[in-house]
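Notes follow once the structure below has been shown.
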Amino acid sequence: MKDYHFDIGNSHEGPLGMCAVVQAKSKREAAKTLREALPDKVEVPVDDSGVICVNVYLNGQKITKNDIDYSEPGDS
C-alpha cells in the first residue's frame with residue numbers, strides 16, 4: 001500500500017483548492033476511493049457576519065489518477 005497525495009485546484013492561485021491523501025494499492029484505486037468518499041456538496045457553517053450560506057459543490061467523477069502529484073510508502 002502507498003499513500004497517494006491528490007492536489008486539486010490551488011487556493012494560492014484561484015478561489016478554491018483541495019488536497020487529499022488516500023492509501024491504496026495503485027493510483028487507479030486511489031482515485032476511485034477518493035471519488036467514492038467525496039460528497040456532492042459541503043455546507044460551510046457561517047456566523048452572524050451577514051453571510052447567509054456557503055455551499056461548495058464537488059464533482060468527484062472528474063477526479064482521476066492524473067490529479068495525484070506524488071506518492072510515498074504507506075504505514076502498512
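FYI, it's all coordinate maths here, none of it is from the lab. Values in this document were obtained by computation on a predicted structure and should not be read as measured data. Glycine also receives a Cβ, built like all others from the backbone with ideal geometry; neighbour counts cover every protein chain displayed.
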Counted residues, the stretch 1-19 - those being assigned to a strand (DSSP E or B) and either under 21 Å from GLY74 (Cα atoms) or aliphatic (A, V, I, L, M) (or both): 9
Top-ranked residue of the stretch 42-76 - restricted to ones that are touching a helix residue (DSSP H, G or I) at 6+ places or on another chain (Cβ under 9 Å) and part of a strand (DSSP E or B), ranked as surrounded by the fewest Cβ atoms within 10 Å (Cβ to Cβ): SER71
Single condition VAL22 does not satisfy, out of (1) out of contact with any strand residue (DSSP E or B) (no Cβ under 7 Å at 6 or more places or on another chain); (2) not in a helix (DSSP H, G or I): (1)
